1. Going through segment 670-695 one residue at a time, which ones are crowded, with 23+ Cβ neighbours inside 10 Å and touching a residue at least 60 places away in the same chain (Cβ under 8 Å)?
2. Does segment 453-488 hold any residues that are open to solvent by 50 Å² or more (accessible area, probe 1.4 Å), hydrophobic (A, V, I, L, M, F, W, C) and under 22 Å from Q647 (Cβ atoms), and which are they?
3. Can we say E89 is among the acidic types (D, E), more than 20 Å from S121 (Cβ to Cβ) and open to solvent by 40 Å² or more (accessible area, probe 1.4 Å)?
4. Only residues that are in contact with a helix residue (DSSP H, G or I) (Cβ under 7 Å, 6 or more places away or on another chain) and open to solvent by 60 Å² or more (accessible area, probe 1.4 Å): list them for segment 439-449, please.
5. If we only count helices (runs of 4 or more DSSP H) wholly inside segment 287-400, which ones have 2 or more residues that are open to solvent by 60 Å² or more (accessible area, probe 1.4 Å) and at pLDDT below 85?
6. Can you tell me how many residues within segment 412-426 are in contact with a Phe, Trp or Tyr (Cβ under 8 Å, 6 or more places away or on another chain) and open to solvent by 30 Å² or more (accessible area, probe 1.4 Å)?
Amino acid sequence: MTVGNLPAESNTFVGRERDLADLAGILTRARTLTLCGPGGIGKTRLATRLGASLAGGYPDGVWIADLVEAETAARLVPVVCAALRVQPEVDRSVTDTLTEALRPRTMLLILDTCEHLVAESAELVELLLGHCPGLRVIATSAEPLRARGEVIWRVPPLALPSPPMTSQDTERLVAEAVGSDAVQLFVARAAAARPGFVLSPAHAAAIVEICRTLDGVPLAIELAAARLRTLSVEQILTRLVGRFELLAVGDRTAPRRQQTLRATVEWSYDLLAPPERVLLGRLSVFHGWNLGMAEQVCGDSQIPQADVLDLLTALIDKSLVSVDYELDGDVRYRLLDTVRQFAAQQADEAELLAMRRAHRDCMLALAESMVDSELLPDDVAWSQRVRSYRRATVDMTNFHLALEYCADHDDAEQGLRLCNAMRIVWLVTGDLSGSAWLDRFIASKSAVSPGVRSRALVVRSEIAFEQQDYRSVGDYAAAALDLSFAAPDGNPAGSRRMLALAALAAGQPADAVNYADAAVAAAGQMRNSWEEGVALGVKAAVLAGQGDAVSAQRAYTDALAALNESRGWAVAGVHYGLGKLAKATGDKPAAERHFGAALALYREVGARIEMARCLAGIGQLALERDDLETARTCLTECSELSLLTGQRPAIARSLAILATFAAAAGEITTAVRLVGAARELFHAIGTPDQAAARRLGDVVDKASAALGSDAVASLLAEGAQLSPHQAARQVPARPAPDLAAQDGEDDAGLDAAAGDQPAPWPGQLTEREQQVALLVARGYSNKAIGAELTIVQATAARHVANIYLKLGFTSRAELIGWVLDTGQASLGTRPPAYPGAPYIRYGPAYIA
């Protein structure tokens with residue numbers, strides 16, 4: 001699993017080796033490092049390069065959040081959550097969710113471009129560092145955050161050559177130039193603009209003077225180097241020097257380097273032809289775009305769409321527009337933030353407002369076209385739908401900008417249309433941020449057509465269901481249904497489907513079936529096979545819950561037929577339901593097939609919560625057949641995914657499942673602590689889960705019989721004090737190396753492991769532990785025990801460690817003596833040595 005979200009470097013990183021070494025040293029002593037300097041000095045590039053170089057020291061990754069996307073203070077924490085893939089919860093502060101998600105992580109967080117929210121950024125940093133001991137923060141800002149404990153690093157310009165030398169001293173001139181970071185950057189970018197360009201004695205002096213004139217500011221150097229497509233080095237120097245002399249009487253209160261950078265950008269801007277200037281200003285409304293988007297928004301009678309490509313190419317050549325990356329054969333472009341701000345300032349106010357409106361129209365058309373042509377039709381392949389989800393995710397900030405425009409102008413009709421178009425993407429990707437936009441537009445007094453409002457209420461109901469706000473699910477769905485009677489373009493099928501889910505959550509299965517049947521009928525009238533298939537899946541889930549396996553199987557089969565294989569998201573949900581049904585009816589191979597099919601589809605779109613559910617199902621099945629290694633792999637990934645989402649109900653369920661695994665693996669004390677942590681979390685969120693409660697109760701009952709009620713009560717109290725992250729990490733993704741390596745007779749490593757546990761407690765051994773004890777008495781090493789019982793060596797070592805804990809022993813000699821005193825007959829016959837051989841264990845027999 002990839003940890004972190006640092007972008008790949010788009011070109012070579014030049015220089016700053018000393019800076020990187022110094023900054024790495026600072027981060028060993030300080031938890032907050034702010035890289036300060038003007039725009040274009042290279043703060044972001046330095047921060048990401050530093051983060052990448054330190055990634056090995058942060059097991060939970062290096063993450064970057066671009067705060068440019070946070071247009072207001074209210075958007076700051078949601079933007080950070082989105083970058084870290086932490087999902088907000090209903091009725092809980094998003095700040096609390098973020099803090100809890102980061103509390104156990106050992107990670108590096110880069111907050112990029114803080115200057116427009118410097119006070120709010122400082123407050124957030126102080127809050128996170130106060131609650132998250134393993135967190136370190138790098139901030140980039142034009143000014144310091146002034147947060148407690150902050151180390152401020154003024155990012156210097158790139159190293160420059162010595163003061164000008166005589167033109168005759170060419171050898172020394174070239175040597176000085178080669179050793180300069182600024183010159184190296186100029187030469188590297190010049191070679192990109194003019195292939196084959198190299199530093200030579202003929203123009204070394206001019207290049208040195210350019211870099212010195214630009215004060216070593218990276219962006220300024222890159223802009224100048226790009227001009228080599230049309231100018232010589234000497235021409236660049238001549239125009240550059242003259243321009244800066246002209247602008248020297250500008251804002252005297254600003255730092256000289258800020259004057260220099262602005263002059264450089266303005267110089268590049270002044271060199272543009274009038275149509276290029278117009279296009280640059282229009283492009284400033286985007287947060288990244290492709291060619292089609294630029295043509296749609298920026299093309300008009302002044303700039304024909306046919307001319308946009310050539311003008312865009314000219315802006316790329318002059319380094320004012322950057323080629324970002326390629327997605328599914330579609331090139332993406334962006335503006336550096338400094339250039340974007342400058343271009344917006346130069347644009348006419350009325351022109352910019354018109355462009356924002358055109359941008360909104362573009363994003364709305366893009367979203368509605370995506371739904372109509374790629375996400376809903378029957379004949380679109382699943383692979384195409386996956387590409388659509390990915391493209392929509394890339395443009396999420398553009399969609400938010402379009403929604404902001406609608407909100408700023410109280411245009412609820414268009415805002416709700418865009419929300420309706422974003423529905424499937426929001427649900428598939430687990431992005432629940434749409435609830436805030438929907439609430440704002442639904443509450444608006446501006447006119448909205450009944451059909452648009454009805455469909456929007458269904459979307460709001462669906463998001464409420466994902467947030468487990470079941471009361472609101474029914475309220476929104478009922479309101480949507482009322483409107484749909486007067487709106488032929490409403491969504492009566494979706495309304496009834498959500499009413500079915502609300503009834504199911506309220507414990508009214510008969511009403512749920514009736515609503516589901518009505519939803520299926522309405523979907524047929526609408527000729528909407530997607531709604532039909534999803535409604536059939538809801539009906540099947542209700543029937544399965546009532547114990548009518550035959551009817552549920554039939555409904556699931558009908559759902560698959562209605563959906564066809566191309567609707568992978570909905571098909572995955574049906575497969576998951578079929579897996580649960582097969583498990584309940586005892587068809588475990590079929591259950592595993594269905595869970596695996598669902599997991600594969602969910603992985604393609606990165607649906608973390610759904611992936612966790614599938615992994616939980618596969619892990620439980622593995623436990624039941626005593627495949628502990630598969631169970632460990634699946635269940636630890638399940639808990640990891642749940643923790644990453646920040647959703648407490650999912651985290652609590654994952655802890656309950658981990659408790660059953662720990663018990664099955666013989667890790668009884670860990671299991672009981674996990675029970676304590678899970679119960680504490682369920683209590684905190686007030687969300688009952690009968691299946692989880694049953695699992696937890698069974699683990700406690702079995703542990704009490706082995707350990708005694710007092711010992712169990714103590715362990716439960718210990719678990720209740722653990723954070724969910726601390727509790728989950730008590731079960732490692734892989735067995736501890738020291739145990740896995742043990743193969744000696746004295747088991748020194750096992751003794752140490754035993755010493756990490758609470759005081760040894762008495763109790764009878766499980767049958768598997770008796771088998772292990774017998775093999776120890778016969779002189780088997782841990783490796784030999786593993787081979788005999790067809791388990792891995794680490795599992796054998798853990799069994800031996802648990803035997804030591806139960807019986808209070810510290811060596812093999814004591815255990816052998818006990819076996820001899822007890823008598824071999826009491827330990828049964830030779831242990832089975834084939835996979836899946838029956839033996840008593842905790843856990844699997846009690847998993848719902």
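1. A671, R695
2. F465
3. Taking the combined requirement at face value, the residue does not satisfy it.
4. Selection gives R440, A447.
5. In segment 287-400, 382-394 are the helices (runs of 4 or more DSSP H) which contain 2 or more residues that are open to solvent by 60 Å² or more (accessible area, probe 1.4 Å) and at pLDDT below 85.
6. So the count comes out to 0.
Yes/no per residue for (1) of a type in the set (A, V, I, L, M, F, W, C); (2) under 27 Å from L536 (Cα atoms); (3) in a helix (DSSP H, G or I); (4) more than 27 Å from the chain's Cα centre (by Cα):
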site: G586; (1), (2), (3), (4): no, yes, no, yes
site: A590; (1), (2), (3), (4): yes, yes, yes, yes
site: H594; (1), (2), (3), (4): no, yes, yes, no
site: Y602; (1), (2), (3), (4): no, yes, yes, no
site: E640; (1), (2), (3), (4): no, no, yes, no
site: S654; (1), (2), (3), (4): no, no, yes, no
site: F661; (1), (2), (3), (4): yes, no, yes, no
site: T670; (1), (2), (3), (4): no, no, yes, yes
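The rows are residues; the columns are (1) open to solvent by 30 Å² or more (accessible area, probe 1.4 Å); (2) hydrophobic (A, V, I, L, M, F, W, C).
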{"site": "G524", "(1), (2)": "yes, no"}
{"site": "V534", "(1), (2)": "yes, yes"}
{"site": "G537", "(1), (2)": "no, no"}
{"site": "V542", "(1), (2)": "no, yes"}
{"site": "V550", "(1), (2)": "yes, yes"}
{"site": "Y556", "(1), (2)": "no, no"}
{"site": "N564", "(1), (2)": "yes, no"}
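The values are calculated or read from the model by the stated rules, or taken from the named source; none is laboratory data. Being a predicted model, the structure only gives us computed values, none of them experimental. Ideal geometry is used to build each Cβ from the backbone, glycine not excepted, and the neighbour counts take in all protein chains shown. The accessibility values were calculated without ligands, DNA or RNA, using every heavy atom of the protein model including side chains. Shrake-Rupley method; radii C 1.70, N 1.55, O 1.52, S 1.80 Å.
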